[in-house]
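The values are calculated or read from the model by the stated rules, or taken from the named source; none is laboratory data. These numbers come from a predicted model, not from an experiment. For neighbour counting, all protein chains shown are included, and Cβ atoms are generated from backbone atoms with ideal geometry for every residue, glycine included. All accessible areas refer to the heavy atoms of the entire protein, side chains included, with ligands and DNA or RNA removed. Shrake-Rupley method; radii C 1.70, N 1.55, O 1.52, S 1.80 Å.
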Amino acid sequence: MESLTHSSSFLLPNPPVDTAALTYVLVVLNRDLPRFTPLLWKNGDFELKLLSVLISQICICADGGANRLYDEMPLLFPDETALAVRQRYKPDLIKGDMDSVREEVSQFYRALIMHLDSSFVSLLAEVLEIHLGTRIVDASDDQDTTDLHKCIAYIRDLPNLENENASTCVLVAGALGGRFDHEVGNINVLCHFSSTRIVLLSDDCLIQLLPSSHHHKIHIHPTIEGPHCGLVPISGPSKSSTTTGLQWNLSDTEMRFGGLISTSNLVKDEIVTVRSDSDLLWTISLKKIR
Amino acid sequence: MPMLFPDETALAVRQRYKPELIKGDMDSVREEVSQFYRALILHLDSSFVSLLAEVLEIHMGTRVVDASDDQDTTDLHKCIAYIRDLPNLKNENASTCVLVAGALGGRFDHEAGNINVLCHFSSTQIVLLSDDCLIQLLPSSHLHEIHIHPTIEGPHCGLVPIRGPSKSSTTTGLQWNLSDTEMKFGGLISTSNLAKDEIVTVRSDSDLLWTVSLKKIG
């Protein structure tokens, strides 16, 4: 069975250069902006060639996530003008059904985008036009797909990422807290796109899916995360899970809701390994950054 | 609690809203908080005080380890177990309803642990509450009739197959009703739904979590 390595090095102020070559894409949702969001932006240390235009980061706001960026990013830099902060941390795309993003926020970012290369602008304008004001209904589900779902689908279809899906990692800021149905909808997106690395982030913790198809090796960075952690059988009961590196390791242990699930566990070693017959959610607490 | 009543003294508010019991492994409660409430409790009927003192002594400073799980049971788990054993509630389990404040948000493993307590004690009505929403378990053993009070809750709601895939769920009263519909993580789960009628009914072959948003109160 193949092994997958996980590392929260994107939260380190100075991540090691030889980190597993991952392309990070940041998605900002419409919930309180985690205080470490500027770190995620800076650490998108990669280049993306899109229509032969070099872009240093990709940040996508899911609809009202643009409001969050506009309102809350300046609060993290009280010594600077709001305008300077907003220009520095501007999204590359605002995507979704556009029923939450405020008019002045949308206009502000559109005006900023106009300063970019014109071919890129027309691509973006095209995408923005398509989604502005239109509610997209997935009739087979009888429900709209969530804004996050639309963003992930969009990211997976990006031409330059298409052959590199294994090494793309989507960081989702503001994914947790607030309404539980939103939170669980975001978790469902992890399960739906199980072959794409997606990390749900809040100020307090992160969540990732560990597909049963792989053994997992999780590098713990104790300056930024832990020790509190857990493993949750989200798709249904798990007959057998085995871990190393935890205070209370699982050893061919059964897990299910209504019985044992691993919560309030502690990471002991700098590497935690997990394997299971069932998809599990891995969650670890984040230390206060900034 | 004093912050919710800025026009009164903190002492007056704390005396009015005092707990009957502080329960758990006691590794979080601050010393001055514990002493404050113990002093208040001593003003009560002496037989009740001795019962409480007995319970507090038993649990003060002792970490309870459930060796069969290789892990501690959560503080919420201990509370629910304690409530279910209360003599005057023992024959009335069906009509007890436990309201859990501060159950959601923060660390996800805590939240999942609290949801697991709902599943573990599935025959007890437990409502997890936060400022933004509530969560309840709807056991598959019953047909559920949920009365919606639109001044305090909704319209956003959802149904989640927490124990595993559900082959068949049927609802009435929602914007997007389920009709013998399959639900599972990785496929369809009902989120960002809306309560349309004042009564929502749910039946399913699987235990579901019901969640509804709460309106700003206070």
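Numbers for the structure displayed
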quantity: Segment A:204-290: translational diffusion in µm²/s, Stokes-Einstein, Kirkwood Rh over Cα pairs, 4 °C, 1.567 mPa s; calculated: 101 µm²/s
quantity: Net charge over other residues, Cβ less than 11 angstrom from the Cβ of residue A:245 (K, R count +1; D, E count -1); calculated: 0
quantity: Net +/- balance of residues flanking residue B:138 in space, Cβ distance below 15 Å, scoring K and R +1, D and E -1; calculated: -2
quantity: At R0 = 51 Å, FRET efficiency that the Cβ-Cβ distance of residue A:277 and residue A:14 yields, to 0.05; calculated: 0.85
quantity: Cross-link reach list, lysines versus residue A:287, counting only Cα pairs under 20 Å and skipping chain neighbours closer than eight places; calculated: A:42, A:268
quantity: Members of segment B:183-204 that become less accessible by 30 Å² or more once partner protein chains are added (1.4 angstrom probe, chain alone as reference); calculated: B:185, B:186, B:188, B:189, B:191, B:192
quantity: Long-range HN-HN contacts of residue A:102 with modeled amide H, under 5 Å; calculated: A:67
quantity: Centroid-to-centroid separation of segment A:175-229 and segment A:62-76 [C-alpha atoms, Å]; calculated: 22 Å
quantity: Calculated FRET value between residue A:158 and residue B:39, using beta carbons and R₀ = 60 Å, to 0.05; calculated: 0.40
quantity: Estimated inter-spin distance, residue A:221 and residue B:214, nm [label 7 Å along Cα→Cβ]; calculated: 3.6 nm
quantity: Whole-Hz couplings from phi, Karplus 6.51/-1.76/1.60, listed for segment A:237-244; x for Gly and Pro; calculated: x, 10, 6, 8, 10, 9, 10, 9
quantity: Segment A:204-290 - accessible surface per residue (Å², probe 1.4 Å); calculated: 38 Å²
quantity: Amide hydrogen neighbours beyond the local backbone of residue A:169, cut-off 5 Å, H modeled; calculated: A:23, A:24, A:25
quantity: Partner chain coverage, peptide A:187-193 - average Cβ within 10 angstrom; calculated: 4
quantity: Average beta carbon contacts from partner chains per residue of A:226-237, 10 Å cutoff; calculated: 4
